[in-house]
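Notes to accompany the following structure.
The values are calculated or read from the model by the stated rules, or taken from the named source; none is laboratory data. Note that this is a predicted model, so its numbers are computed, not measured. When we count neighbours, we look across all protein chains shown, and the Cβ atoms used for this are built from the backbone with ideal geometry, even at glycine.
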Amino acid sequence: MKILIADDEMLVRIGIKTCIDFEKYGMEVVAEAEDGIQALAQIHAACPDVVILDIKMPKMGGLEVMEKINEEHLQCSVIILSSFDDFEHVKKAMKLGAVDYLHKPRMNAEDILGVLQNVKNTLDKRCQVEEKKTVQKGISRESQNILRNAFLKELLEGEYTTKEEYLKRCAQNNMRLSELEVACIAISVKDYKKVLLRYEKSKQNILQTSVVSIMEQILSTENGVAFLPLDENVYVVIMSAIDTSSRKKIMDQISNIIQLLTDAMKTFLNIQIVLGISDVLPTFKDIAKTYAQAHFALKQRFYIDQQVLYYYQVKHKSLEVVFESVDESMKKLKSSILSYRYDLFEKELESFVAFIKEVRLNEEEVKRLFDGLLFWMKEGPAYFEERDIIQEAETIEELYLAYKAIIDERLYKNAGEQIKRCSALTKKLIRYIGEHYSDEMTLKCLAEYLNVSPNYISRLFKEEMGRGLFEYINEYRVKQASQMLACSDDKVYEIADQVGFKSAVHFNIVFNKYMGVSPKQYRDHIQTK
């Protein structure tokens with residue numbers, strides 16, 4: 001049995017909490033409040049079975065709290081705390097539904113426990129009766145929730161086509177949804193991955209449980225509303241017009257729900273939520289469309305730093321030529337990576353991000369593109385170590401900054417700084433190798449390309465790069481091969497040919513020299529990760 005203690009005197013609250021071993025008697029103090037407004041909020045959030053409520057409190061007295069409990073049909077039993085001169089108030093409290101009262105100046109542990117046990121016995125009997133009724137109907141409460149959620153998911157997928165069937169299923173699932181004027185709200189916890197870090201791994205499910213509990217309590221008092229925890233960090237509110245077909249009234253109700261949810265999440269869990277709001281559409285047949293709109297609006301948080309996003313404000317324009325432009329940009333970025341043109345890569349990346357912001361490409365698609373770029377920049381297992389940075393970014397700015405950090409660390413600090421200090425001739429040679437590594441290369445053909453003597457470029461490259469020219473070429477080819485082995489189904493000898501080795505045996509020897517394992521062993525290792 002869950003208990004809330006509401007009294008403006010801290011010593012009274014502490015005294016009640018410490019005078020009984022609540023756990024021993026199957027009870028738990030789940031929340032406290034020091035005034036009436038806070039008490040009402042905690043009733044919504046913590047869902048106590050019993051409220052020990054002081055009659056006289058600041059901001060809102062105990063009697064007003066009880067009136068609110070009755071108005072909102074909140075399911076909790078109230079035990080009143082009274083003082084010497086509160087007899088008239090106690091009588092009013094009993095009329096409002098208080099189950100018992102405790103006289104503060106004279107109460108002791110035995111009195112408190114006795115009153116609480118009486119309430120617990122009553123609640124236990126009531127639960128047994130309800131459970132028996134449910135069993136007689138042939139369906140458990142858990143099963144009812146499963147069926148209800150399944151029905152709501154079907155609505156979001158647009159499976160119901162007749163008004164009669166829709167209303168019948170709503171009635172069967174105890175939902176007061178109407179067939180007219182529908183809208184949807186899609187909700188996520190902001191910075192979800194970071195918020196999860198506040199909890200130990202074994203207790204991370206507490207966050208979702210708490211979010212669902214608070215949302216259910218707040219939405220349970222709203223007319224024409226159904227709530228569905230759809231995914232780990234996606235919650236959906238379906239709305240419809242019950243008392244009126246006025247779209248303005250639905251929008252006013254949406255604004256009220258937004259305020260209640262955002263305030264409650266901040267107050268009780270110290271988290272922020274982001275909400276996507278659909279348009280209001282004419283009939284229940286549009287529920288799936290409103291969900292698609294709300295979900296789309298919610299996803300625009302990736303581009304727009306707002307807590308509430310309305311579909312009519314953020315819907316995108318036609319994207320007919322977008323993917324053609326994306327493909328062209330990816331080719332340029334890949335080419336600049338392979339040719340070690342980091343200055344060009346940064347400019348191309350900046351332009352690419354600006355383009356993405358303009359067209360608002362789908363977040364998942366953007367992350368796949370950046371994931372691909374990371375793959376081209378990283379060699380072998382190092383790619384897998386940093387891809388989570390890409391996936392955890394919640395906005396395009398976070399993604400860009402994270403990627404810039406990777407560039408700075410992995411490129412400029414390694415080969416980049418060394419290459420930047422090289423002569424123009426060596427830089428040109430490195431670019432050529434990046435573009436033609438799959439071709440046959442000889443010292444003679446490279447010298448002819450640069451229009452210098454073979455001995456000169458061999459000596460210059462070793463002086464500036466710290467290793468021999470063909471050692472660098474082999475190292476570069478092995479790096480490309482390791483990336484292909486990780487993501488391609490091509491045979492080892494085919495990959496050897498694609499990176500410039502005309503002999504599979506020679507490729508195996510060189511690969512083993514730089515990677516410490518054979519190409520096959522390397523691929524097996526990557527595929528088992």
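Report yes if Leu196 is more than 17 Å from the chain's Cα centre (by Cα) and surrounded by 14 or more Cβ atoms within 10 Å (Cβ to Cβ), otherwise no. Spell out the reasoning first.
On the way: more than 17 Å from the chain's Cα centre (by Cα): no; surrounded by 14 or more Cβ atoms within 10 Å (Cβ to Cβ): yes.
Taking the combined requirement at face value, the residue does not satisfy it.
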**Report entry** Of the criteria (1) assigned to a helix (DSSP H, G or I); (2) in contact with a strand residue (DSSP E or B) (Cβ under 7 Å, 6 or more places away or on another chain); (3) free of Cβ contacts under 8 Å to residues at least 60 places away in the same chain, which one Ile250 fails
**Finding:** (3)
Report task. Sort out which residues of the range 494-525 are without any contact (Cβ under 8 Å) to a residue 40 or more places away in the chain, among the aromatic types (Phe, Trp, Tyr) and either assigned to a helix (DSSP H, G or I) or at positive phi (or both), and write them in order of number. Result -> Phe507, Phe511
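Considering only the range 266-294, how many residues are part of a helix (DSSP H, G or I) and without any contact (Cβ under 8 Å) to a residue 60 or more places away in the chain? Full working, then the answer.
Residues of the range 266-294 part of a helix (DSSP H, G or I): 266-269, 284-294.
Those left that are additionally without any contact (Cβ under 8 Å) to a residue 60 or more places away in the chain: 266, 292.
Residues flagged as part of a helix (DSSP H, G or I) and without any contact (Cβ under 8 Å) to a residue 60 or more places away in the chain within the range 266-294 amount to 2.
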Query - Cβ pairs under 6 Å, 6+ apart, first in the range 388-415 and closer than 23 Å to Lys299 by Cα and at pLDDT below 80, second among the small types (Gly, Ala, Ser) and outside any helix (DSSP H, G or I) - result: Ala402/Ala393
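Yes or no, residue by residue, for (1) at pLDDT below 80; (2) buried (at least 18 other Cβ atoms within 10 Å of the Cβ):
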| site | (1), (2) |
| --- | --- |
| Phe323 | yes, no |
| Ser335 | yes, no |
| Phe355 | no, no |
| Leu361 | yes, yes |
| Arg368 | no, no |
Report task. Considering (1) modelled with pLDDT of 90 or more; (2) touching a Phe, Trp or Tyr at 6+ places or on another chain (Cβ under 9 Å), say which one Gln38 fails and leave the rest. Result -> (2)
Query raised in the report: Hey, among Glu448, Glu464, Glu440, which residue is within 49 Å of the chain's Cα centre (by Cα) and among the charged types (D, E, K, R)?
Result: Glu464
Requested in this report: Answer yes or no as to whether Asn149 is assigned to a helix (DSSP H, G or I), at pLDDT 85 or above and surrounded by 12 or more Cβ atoms within 10 Å (Cβ to Cβ).
Outcome: yes
